[in-house]
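Every number here is computed from the coordinates shown, using simple stated rules; none is lab data. Since we're looking at a predicted model, the values are computed, not measured. So basically every Cβ, Gly included, is an ideal-geometry build from the backbone, and we count neighbours across all protein chains shown.
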Amino acid sequence: MISVYSVLVLILAYLFGSIPTAVWVGQAFYGIDVREYGSGNAGATNTFRVLGKQAGIPVMLIDILKGWTATNLAYLLSVTAIGSHHTAAFINYQLALGIAAVMGHLFPVFAGFRGGKGVATLFGMILAIHLQASLLCVGVFILVLLTTKYVSLSSIMAGFTYSIGVTFVFPVYIKSVIIYSMCICVLILVTHQKNIERLLKGKESKVNLFKSKLA
């Protein structure tokens, strides 16, 4: 049974996700809105592109923390409310909280509902739910990034790796986690549609994480 308290925690998770880190950092320290430059997204990747690593690294870490914190808000509820820790009911509620945070990042109430693509926040979510599969994603992301310098391609490959990880490498027996891992693949493909088009045309920009591109 869904209680009013559990709904309020879901709203809190959305608000955590809605913190527009890239927008606030850009405006507070550089006097610009990163959504007006680069890819036009309010995320860590575009922050790296526009402002460089000094802004990109904090934005990325905070966006990851948003997803991790929101997902772990499940621990605020009593065991009798959602079941004991690591049970299907508990994991399902964590998934709901993580999804709320990702939706907050995509459509942030604090930034006119114009957010980023949610990859860093999504990573924070899966980090809270399945550590081993998440670390596998990190390995694949870094490998693809170092090889191609395409952050978009790295994100897509990492998303598919998570689904493979929870299904075959570190199998879980909670169906909702497996289903959600497949949904992650779809979400990343949808949010990176333009990137995929540019990749196929050879027009996707490569990212130098150690150099600012802001003129």
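One table, with the values for the structure above:
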{"read-out": "Sequence-separation-based contact order of region 94-148, relative, with Cα cut under 8 Å and 6+ spacing, percent", "value": "26 percent"}
{"read-out": "Three-way shape call for region 130-207 based on the alpha-carbon gyration tensor, with the a/c threshold at 1.5", "value": "oblate"}
{"read-out": "Relative exposure of Y173, Y162, Y180, judged by other C-beta atoms within 10 Å (fewest first)", "value": "Y173, Y180, Y162"}
{"read-out": "Equivalent-ellipsoid semi-axes of region 79-168, from the Cα gyration tensor, Å, largest first", "value": "25, 20, 8"}
{"read-out": "Relative contact order %, region 1-115, counting alpha carbon pairs below 8 Å whose residues are six or more apart", "value": "38 percent"}
{"read-out": "Integer Hz, Karplus 6.51/-1.76/1.60 couplings in order for region 155-163, x for Gly and Pro", "value": "5, 5, 5, 5, x, 5, 5, 4, 4"}
{"read-out": "Cα gyration tensor category, rounded, prolate or oblate, for the chain with a/c compared to 1.5", "value": "oblate"}
